[in-house]
């Protein structure tokens with residue numbers, strides 16, 4: 001059988017925790033959705049939040065929407081892997097789903113802010129690949145928030161005011177992608193994910209594979 005038609009060799013590897021962050025309007029959620037649509041090896045980590053649901057959002061697909069009391073109960077029982085307060089609302093990552101995915105060697109995608117990224121890196125640094133999405137300019141960021149037409153003027157003003165503080169954390173990330181063109185930014189993020197999956201230290205199955213190569217008798 002030729003190499004062109006041979007079945008792909010599967011080498012066991014540990015799952016990745018792919019973190020994508022950006023200030024509101026810079027494009028992280030769109031890039032995350034596109035990545036999920038194109039990459040069957042990825043599963044989204046659906047966050048819980050106390051923020052009001054937007055008309056375009058679906059419970060359990062975009063977020064799990066909770067009351068403040070429900071969120072505090074999850075936090076008190078250590079049921080959240082990370083949590084943060086953003087724009088006056090709480091966000092967090094349910095622990096059980098992530099631990100199950102990592103145990104099975106599946107990759108998890110996190111669409112979270114810098115506070116959540118910090119907590120994940122502190123707890124599971126070796127498993128995290130962090131990507132920060134920057135806007136091409138502050139003027140374009142403001143324009144995108146208005147074009148989204150899902151937030152009030154007051155909320156948009158708050159998001160813009162906080163965006164500069166969020167951008168200050170860019171140095172804490174492994175990779176930086178400037179989203180001046182959505183298709184180009186998406187391709188950059190996808191290339192990062194593909195490369196990280198091939199890292200030697202993420203592929204424990206290489207030890208067995210190489211040992212078999214070295215002990216194989218081709219004759």
* Structure fact -> Helix 138-148: inclination vs the chain longest Cα principal axis, degrees, rounded to 10, gives 80
* Asked: Helix 182-197 versus the longest principal axis of the chain: what angle, 0 to 90°, nearest 10, using Cα atoms?
  -> 40
* **Theoretical ellipticity at 222 nm over the chain - DSSP helices of four or more residues, -39500 (n - 2.57) apiece, nearest 500** => -13000 deg cm²/dmol
* **Tilt relative to the chain, helix 28-38 - C-alpha long axis, 0 to 90 degrees, to 10** => 30
* Asked: Along each of its three principal axes, how wide is the spread of alpha-carbon positions in segment 1-151, in whole angstrom units, largest first?
  -> 59, 41, 28
* Structure fact -> Assertion target for 200, 75, ordered by fewest C-beta neighbours within 10 angstrom first, is 200, 75
* Structure fact -> Going fewest to most other Cβ atoms within 10 Å around each Cβ, 130, 188 line up as 188, 130
* By counting other Cβ atoms within 10 Å of each Cβ, how are 167, 58, 176 ranked from fewest to most? -> 58, 176, 167
* Which one of 98, 68, 178 has the biggest mean-square fluctuation once the chain is modelled by GNM with Cα springs under 10 Å? -> 68
* Structure fact -> the chain, Gaussian network, Cα under 10 Å: of 155, 189, 46, the residue fluctuating most is 155
* Most fluctuating residue of 33, 69, 51 in a GNM of the chain with Cα springs under 10 Å: which is it? -> 69
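Throughout, read-outs are computed from the coordinates displayed, never taken from laboratory work. Please read these numbers as outputs of a predicted model, since none were measured by experiment. Heads up, the Cβs are rebuilt from the backbone with ideal geometry, glycines too, and the neighbour counts pull from every protein chain shown.
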